[in-house]
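See below for the structure under consideration.
The values are calculated or read from the model by the stated rules, or taken from the named source; none is laboratory data. What you are looking at is a predicted structure, and each value in this text was computed from that prediction instead of being measured. Using ideal geometry, Cβ is built from the backbone for each residue, glycine included, and neighbour counts are taken over all protein chains shown.
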């Protein structure tokens, strides 16, 4: 699914309706920053907003996801294509989460082995022990960094207050308190800080 194409399509239809980003946002009870984000191709409208947005723009959801008007004869083909695209996106994001977990586990195991060698092998010189411990820490730090990038980019976080889905900045992601499937983040739409739930689709 091409977010840039969909964003350009939203912008084109909005202009055809003689609406500003703010006017469209007010009709949908969201911020104009959210509309701007869609039109810049930085995200798709969340599921709960798709039908109201389509009603305002005079299109259907299939056309919104395709980023173009669809002739009647191609409608079913495009619908299947869009469904498969959503399924593929979800599967790819699942793989990213699995890889991030494996990377963290491998890093922790490597650090454990380095620590065990440094602590138990008495014949090792002090500088070698220090190098092993530092190497172990570097592997863990690299693993955590890679896992953070993969986890942040695999899907979105959903605000519990307004339902807006968004991708936080890396700084927000790293410094937020979190549970297994949630992170305490500030929603760019409503501005509230809530325990946002991880979602595998945009």
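Looking at the range 144-202, the strands (runs of 3 or more DSSP E) lying wholly inside it that each contain 2 or more residues that are over 26 Å from residue 65 (Cβ atoms) sit at 182-186, 193-199. Here residue 113 passes the criteria (1) surrounded by 14 or more Cβ atoms within 10 Å (Cβ to Cβ); (2) farther than 30 Å from residue 45 by Cα except the one numbered (1).
Here residue 179 passes the criteria (1) without any contact (Cβ under 8 Å) to a residue 24 or more places away in the chain; (2) out of contact with any strand residue (DSSP E or B) (no Cβ under 9 Å at 6 or more places or on another chain) except the one numbered (2). Identify all residues within the range 147-166 that are in contact with a helix residue (DSSP H, G or I) (Cβ under 7 Å, 6 or more places away or on another chain) and at pLDDT 80 or above; write none if there are none. Within the range 147-166, no residue meets the criteria. Screening the range 25-36 for residues that are touching a residue at least 24 places away in the same chain (Cβ under 8 Å), in a helix (DSSP H, G or I) and within 24 Å of the chain's Cα centre (by Cα) and picking the one that is surrounded by the fewest Cβ atoms within 10 Å (Cβ to Cβ) gives 33.
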